[in-house]
Amino acid sequence: FVDFQKIKIIPAVVKLVPKRLVYEHKIFPLIQREDKLLIAVSNPHDIRAEAELIKLFPQFEIHTAIACPQELMQALETHYGSL
């Protein structure tokens, strides 16, 4: 479970995933290390989000962590701006 109050957001990782994709699927990129990308999701059952990420980033192994929907939306607005 992601606690946005305790995690350090890395701007370079945020820039990896397009604004359209993060808002469409309610996801937030957290950490990229070597060939792994950790994404916060509000709906772990949204398999379309993971499929799009795999297509966009074939070089990465995609991992997900669950986040509170309200906190995730606040993080999106803070780091990506409003729609």
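The values are calculated or read from the model by the stated rules, or taken from the named source; none is laboratory data. Since the structure is predicted, the reported quantities are computational estimates derived from the model, not experimental observations. All accessible areas refer to the heavy atoms of the entire protein, side chains included, with ligands and DNA or RNA removed. Shrake-Rupley method; radii C 1.70, N 1.55, O 1.52, S 1.80 Å.
Things to note:
- Diffusion coefficient, µm² s⁻¹, Stokes-Einstein with Kirkwood Rh over alpha-carbon pairs of the stretch 38-83 at 4 °C and 1.567 mPa s: 113 µm²/s
- Alpha carbon convex hull of the chain, projected area averaged over orientations, nm²: 4.8 nm²
- Most mobile of 45, 63, 25 in a GNM of the chain (Cα contacts under 10 Å): 45
- Relative contact order (%) - criterion: Cα under 8 Å, at least six apart; region: the chain: 33 percent
- Just the protein heavy atoms count here, and of the accessible area of the chain at 1.4 Å, carbon and sulfur take up 56 percent.
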